[in-house]
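Let me begin by presenting the structure, written as structure tokens, before commenting on it.
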Amino acid sequence: MIDTQMMKAAVFNRYGPPEMLSLREVPVPRPAPGEIRVRVVATTVNRTDTATLRAHPFFARAMTGLFHPKMQTLGMDFAGIVDDLGDGVITYQPGGRVFGLLPDKFGAHAEYLCMPADGAVACIPGNLSFDEAVVGEGAWYASSTVGLLSTGQTCLVYGASGAIGTAAVQLAKARGAKVTAVVGTRHLDLANRLGADRIINYEDEDFAAIGETFDLVFDAVGKTSWFACRRLLNQNGIFAATDLGPFWSNILLSMWFGITGSRRVRVPYPEDAPGFVRHLADLMAEDRFRGVFDCSYPLDDIVEAFQYVETGQKTGIVVINVQ
Ligand SMILES: NC(=O)c1ccc[n+]([C@@H]2O[C@H](COP(=O)([O-])OP(=O)(O)OC[C@H]3O[C@@H](n4cnc5c(N)ncnc54)[C@H](OP(=O)(O)O)[C@@H]3O)[C@@H](O)[C@H]2O)c1
């Protein structure tokens, strides 16, 4: 019986660098009533995982554990096969191919995981492979900002080559927006394939001096600031960022603009992960969203995967092949 078996998982019990992770044998989890158990085939290492491992920023410990991590196995994205059902689950069958997100409790850097059947999980559309389906984290973070756009509006995505940036371009296009993507030389072709209407090479041109204005300027990679971008905003334009900004300026400015009522600067936090995963499944089924794949590592090499992701140089997502 599989319930008496052990599984491999990447575990850490102290915050710190990737070397804090080690592969351990831990019990295979049992699905509680209303849960499914998934045999994980693919997961990712993403910037949420690396930040949580290092407890960065420090205040994140309020959620992840003040002195020691509450969850000892990271991994927010998964794609795999339903393997067992808790009592009362009728929406999935063993053998079903699923993908999803574990935004609150992580745990996908392991051979098996359990999660609520009504959580952030959906069937993998069509013939997409597990690697192609394990794409949620960056897209979910992008969705909260891109959701500010409506059809016909204009958007500039700064850093359109990362997990969040590549997703932001595609999700903005799916909303009918006109997208300008800012990337470096090695990602010009990628931005073109993602469907950007205009592409700016930040290595050749000062993107902030192009003389155009936008409804939304999205710093998807945390490398610019409101001060650098404010001339790019039209009268009601919004600057949004994924990161705190220099000297926490994005947070402080979002509070200030919140008080003044204009909400010109925002650091949106994504919500409704279950709804988003179902939306992403629809977009992938309609061929309107594709994950951008950088490289893959076996679970045994997860420390190397974390080290690579921490360079801040990945293109789209880094996959971990678990099985
Ligand atoms: N708010 C949250 O909870 C949350 C969650 C996840 C991530 N984040 C933050 O969101 C940011 C993006 O995450 P991600 O996973 O999308 O990042 P990522 O995939 O690691 O982004 C890497 C990409 O950014 C490009 N890049 C590096 N420096 C750049 C620059 N100066 N200008 C433009 N592009 C540059 C790199 O290509 P080139 O160097 O070749 O240009 C690379 O393709 C990170 O700062 C991360 O900390 C926040």
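The values are calculated or read from the model by the stated rules, or taken from the named source; none is laboratory data. A quick note: this is a predicted structure, and the numbers were derived from the prediction, not measured. A quick note on method: Cβ atoms are made from the backbone with ideal geometry, for glycine too, and the neighbour counts reach across all protein chains shown. Note: areas computed on protein heavy atoms with side chains; ligands, DNA, RNA excluded. Shrake-Rupley method; radii C 1.70, N 1.55, O 1.52, S 1.80 Å.
Here Met63 fulfils each of the conditions (1) within 16 Å of the ligand (Cβ to nearest atom); (2) modelled with pLDDT of 95 or more apart from (2).
Could you check, for the stretch 80-92, whether at least one of its residues is of a type outside the set (A, V, I, L, M, F, W, C), under 17 Å from the mean Cα position of the chain (by Cα), at pLDDT 95 or above and surrounded by 17 or more Cβ atoms within 10 Å (Cβ to Cβ)? Can you show your working first?
First, the residues of the stretch 80-92 that are of a type outside the set (A, V, I, L, M, F, W, C): 80, 83-84, 86-88, 91-92.
Filter again for under 17 Å from the mean Cα position of the chain (by Cα), leaving none.
So far as the stretch 80-92 goes, no, none of its residues is of a type outside the set (A, V, I, L, M, F, W, C), under 17 Å from the mean Cα position of the chain (by Cα), at pLDDT 95 or above and surrounded by 17 or more Cβ atoms within 10 Å (Cβ to Cβ).
Where residues in the stretch 196-211 are open to solvent by less than 70 Å² (accessible area, probe 1.4 Å) and not in a strand (DSSP E or B), which of them is nearest to Leu171 (Cα to Cα)? Only one residue tops the list, namely Ala196.
Apart from one condition, Leu252 fits all of (1) outside the structural domain of Thr48 (by TED's automatic domain parsing); (2) within 12 Å of the ligand (Cβ to nearest atom); (3) not β-branched (Val, Ile, Thr); the exception is (2). Examine the stretch 269-288 for a residue that is within 12 Å of the ligand (Cβ to nearest atom) and at pLDDT below 95, and state whether such a residue exists. Within the stretch 269-288, one or more residues are within 12 Å of the ligand (Cβ to nearest atom) and at pLDDT below 95. When restricted to residues that are of a type outside the set (Gly, Ala, Ser), touching a helix residue (DSSP H, G or I) at 6+ places or on another chain (Cβ under 8 Å) and closer than 19 Å to Lys173 by Cα, the stretch 109-150 contains 7. Leu233 fulfils the conditions (1) within 16 Å of the ligand (Cβ to nearest atom); (2) out of contact with any Leu (no Cβ under 7 Å at 6 or more places or on another chain); (3) modelled with pLDDT of 95 or more except for a single criterion, (1).
Residues that are within 27 Å of Arg24 (Cα to Cα) and within 16 Å of the ligand (Cβ to nearest atom) do occur in the stretch 115-125, at least one of them.
Being open to solvent by 50 Å² or more (accessible area, probe 1.4 Å), in a loop (DSSP other than H, G, I, E, B) and not aromatic (Phe, Trp, Tyr) is a condition met by at least one residue of the stretch 37-57. Scanning the stretch 141-180 for residues that are away from the ligand (no atom under 12 Å from the Cβ), among the β-branched types (Val, Ile, Thr) and open to solvent by less than 30 Å² (accessible area, probe 1.4 Å) yields Val146, Val179, Thr180.
Do the conditions hold for Val318, that is, is it among the hydrophobic types (A, V, I, L, M, F, W, C), at pLDDT 95 or above, under 14 Å from Leu194 (Cβ atoms) and within 12 Å of the ligand (Cβ to nearest atom)?
Numbers: among the hydrophobic types (A, V, I, L, M, F, W, C): yes; at pLDDT 95 or above: yes; under 14 Å from Leu194 (Cβ atoms): no; within 12 Å of the ligand (Cβ to nearest atom): yes.
Spelling it out, it is not the case that Val318 is among the hydrophobic types (A, V, I, L, M, F, W, C), at pLDDT 95 or above, under 14 Å from Leu194 (Cβ atoms) and within 12 Å of the ligand (Cβ to nearest atom).
Applying the criterion of at least 3 residues that are farther than 25 Å from Asp104 by Cα and open to solvent by less than 20 Å² (accessible area, probe 1.4 Å) to the helices (runs of 4 or more DSSP H) found wholly in the stretch 218-323 leaves an empty list.
Taking the conditions exactly as written (in contact with a strand residue (DSSP E or B) (Cβ under 8 Å, 6 or more places away or on another chain) and more than 16 Å from the ligand (Cβ to nearest atom)), does Thr213 satisfy them or not?
Working: in contact with a strand residue (DSSP E or B) (Cβ under 8 Å, 6 or more places away or on another chain): yes; more than 16 Å from the ligand (Cβ to nearest atom): yes.
For Thr213, the condition - in contact with a strand residue (DSSP E or B) (Cβ under 8 Å, 6 or more places away or on another chain) and more than 16 Å from the ligand (Cβ to nearest atom) - is met.
Could you say which residue among Asp87, Asp83, Asp104, Asp131 is part of a loop (DSSP other than H, G, I, E, B) and away from the ligand (no atom under 16 Å from the Cβ)? First the steps, then the outcome.
Working: Asp83 fails: part of a loop (DSSP other than H, G, I, E, B); Asp104 fails: away from the ligand (no atom under 16 Å from the Cβ); Asp131 fails: part of a loop (DSSP other than H, G, I, E, B).
So the residue among Asp87, Asp83, Asp104, Asp131 that is part of a loop (DSSP other than H, G, I, E, B) and away from the ligand (no atom under 16 Å from the Cβ) is Asp87.
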